[in-house]
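The values are calculated or read from the model by the stated rules, or taken from the named source; none is laboratory data. Since this is a predicted model, take the numbers as computed values, not measurements. FYI the Cβ positions are ideal-geometry reconstructions off the backbone, even for glycines, and counts take in every protein chain you see.
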Amino acid sequence: MLTASWHGLLALFDPTSILFMSIGVLFGVVIGILPGLGGIAAMALILPFSLSLEPVAALAMLLGAHVATIFGSSITSILFNIPGASKSIALCFDGYPMTQRGEGARALGAAAMASLIGGLIGAIFLTLTLPIMKAIMMALGPPEYFIMALWGLSVIAIFSSGSLLKGLTAAGFGLLLSFVGMDPVSGTARFTFGSLFLLDGFDFAVVVIGLFAVSEMIKLYITGGSIVKAQTTSEMGSVWIGVRDVFIHWKLVVRSSLLGLFIGALPGVGASIGGIAAYGMAAQTSKNKETFGTGNVEGVIAPEATNAANEGGGLVPTLGFGIPGGESMAILLSAFIVMGITPGRDMLENHMDIVFSIVWIIVVANVITTIGGLLLAKHLVKVTTLPSSVLIPVLLPICLVGAYAIKGRIKDVIVVVVFGIIGYIMDKYKYSRADMAIGMVLGLMLERYMHISIKLYGNLFFLTRPVTLILFLVVLGTIFYPFIRGYIANKRNADESGVQ
Amino acid sequence: MTKKTANNIVAVAFLLFFIAVAILSTGFGPRARLVPLPVAIGSAVLISFQLYLQNTKNTKINLAIDAGELLFGAKESKDSSGKKKEKKENLLKKELVSIGIVVSFLALILVIGIEPAILVFVVGYFRFINKAKWWKSFVFGIGTLLFIHLLFVQFLNVHFYKGILEYIL
């Protein structure tokens, strides 16, 4: 194993591989910054160029681009409330309020360092768990996935700081929107009104650009001024404060990374869920949970570490069994096939050097991205001090063009504007946009796995399988834990005051 | 329009949406409506409860009374209510203008295509909203267009929509 790891490292430290990885990282950061485009787009665009290269150089470019999109998309989420990719949506919840408070550099510093540590944990996990992961994956089936989606919905209670009823309404709205289009189970066209465009359903990335970015532009025009409402400390100082925050909350980083790994390793579970679930977990376990949504750095660290670790997790089923962990991993799988490498047993037995090269690529690409990110943070933050009169005419066209570029459909531009107006109204009347986005992400997953579970195990499927039952209890525990903890704390306080 | 009325309008809009979805769902087969129908009904019940709460809940009485306010309350409150009304009208006007700008930009894209629309929008925004000089407006317009063209067309190979005029002409 050590020999294979050493050979993998040597193959990567070839100047050609390093050059193409750097190109990939730069490309990934640029793609990540563009609204709506993430790792999938980066890999799909770079794939044709990589096929003519040596396997390690090609993988360095592909994975370098993929890893760098995570930090790239976090930049716009934190600074402009524009999710660069749908998986970065959770970064908007606390990253943007931090920017408004003048702590954008701190948030970027924290994101870059969390991304590095998450990525490293992901790479180590990938090395250690390839041999044992099969057994874990085989134990999980559609009922467990259903319960996990249900757990994701429990996060809603955290976001609904104002009215829980409004939060649930927004989630219901999101859930119902996710059902627009062809029902994958029965093949029925639902809520399409005969439109071919709606048959595909609403693209999540397009809706998110509308809900968060376009609505923010509308708001910015009304309020005027710049995004930053107050500057707290010097920018470079803030970047290092962000880095320090990650080490202060190291337990959260480890927990979030493990969560990202777990979600990444599950085939078919979208990465967007990872960030949202990590945010929920951070909010539930934090000592300052009341500050979540107003600019708590823990709300930046958790989703970023999860997103970075997700990559290592996603590679486990891809490399180990030839099952892609997500869409981007499907692109990587196609690259393997073109290179003449068959993932699965053949890869683990005959191409371990390539497996370890991949591990090292993740490590080195994360280091390059983080160093670049930390150096660029103080300059990037200056953009947020520009007046709205300059930001709106530049950012609004980029948002609309970004929505169009996702699938090249002009009707997506109409969708983005409609959801921009809806997002503004929801924000004004305190219907959580985050709850709506969570509902949309989890809607289809919830429905699909529920149907399969009922068909396979009957109506009471969550009680008949031991793993499902345990996960179900975990979900109940997650929902009720804050209430129980609050009750115990209140009782203890009452007892103490009674004694005094 | 009071805040309460506006809140009610939004809640009623949500309620109507949920009712419409529930009605439409009944037209699907049992498997296709298994999740949407209960979600729509559940959401309709929740928003109805929200509507009930926001219209029946007692507003808290403000006990922090200022002595000056107590003495000259009538006149001051009239002034402040006048200011408030003016502020509200301004806000509504700004909201309408802001949404109007976004919708106009969308209409431009649909009619003349993405790239010409960007140029017209950015130049127009700088010239008529920011009151910048013509040459400055054009510099920003061409700069933004160039940046977007390089990034999306040259770099990402995206084929931009040319507008309905292309089909008409």
### Summary
Every listed condition ((1) within 26 Å of residue A:401 (Cβ to Cβ); (2) of a type outside the set (Val, Ile, Thr); (3) modelled with pLDDT under 85; (4) part of a helix (DSSP H, G or I)) holds for residue A:10 save (1)
### Task
Could you please find all residues in region B:1-28 being outside any helix (DSSP H, G or I), at pLDDT below 90 and within 10 Å of chain A (Cβ to nearest Cβ)?
none
### Message
List pairs: first residue in region A:375-403 and within 14 Å of another protein chain (Cβ to nearest Cβ), second residue of a type in the set (Asp, Glu) and assigned to a helix (DSSP H, G or I) anywhere in the structure, Cβ distance under 6 angstrom, at least six positions apart or on different chains.
### Response
A:403/A:412
### Criterion violated by residue A:105 - all others in (1) aliphatic (A, V, I, L, M); (2) closer than 28 Å to residue A:311 by Cα; (3) modelled with pLDDT of 80 or more; (4) touching a Leu at 6+ places or on another chain (Cβ under 7 Å) satisfied
(4)
### Query
Which of the residues spanning region A:183-196 are within 10 Å of chain B (Cβ to nearest Cβ) and surrounded by 13 or more Cβ atoms within 10 Å (Cβ to Cβ)?
A:183, A:185, A:186, A:188, A:189, A:190, A:191
### Query
Looking at region B:31-47, which of its residues are buried (at least 18 other Cβ atoms within 10 Å of the Cβ) and touching a helix residue (DSSP H, G or I) at 6+ places or on another chain (Cβ under 7 Å)?
B:33, B:35, B:36, B:37, B:39, B:40, B:43, B:44, B:46, B:47
### Task
Quick one: residue B:108 ticks every box in (1) under 21 Å from residue A:424 (Cβ atoms); (2) of a type outside the set (S, T, N, Q); (3) at the interface with another protein chain (Cβ under 7 Å from one of its Cβ atoms) except a single one, so which number is it?
(3)
#### Entry: Set A:52, A:73, A:77, A:86: member being within 30 Å of residue A:219 (Cβ to Cβ) and free of Cβ contacts under 8 Å to residues at least 24 places away in the same chain
A:77
### Query
Any idea which of (1) touching a strand residue (DSSP E or B) at 6+ places or on another chain (Cβ under 6 Å); (2) over 30 Å from residue B:136 (Cβ atoms) is the one residue A:446 doesn't satisfy?
(1)
### Task
Could you run through region A:140-184 and say how many residues are in a helix (DSSP H, G or I) and modelled with pLDDT of 70 or more?
27
### Task
Name the residue, out of A:342, A:384, A:369, that is under 25 Å from the mean Cα position of the chain (by Cα), closer than 29 Å to residue A:60 by Cα and either among the aromatic types (Phe, Trp, Tyr) or assigned by TED's automatic domain parsing to the domain that holds residue A:41 (or both).
A:369
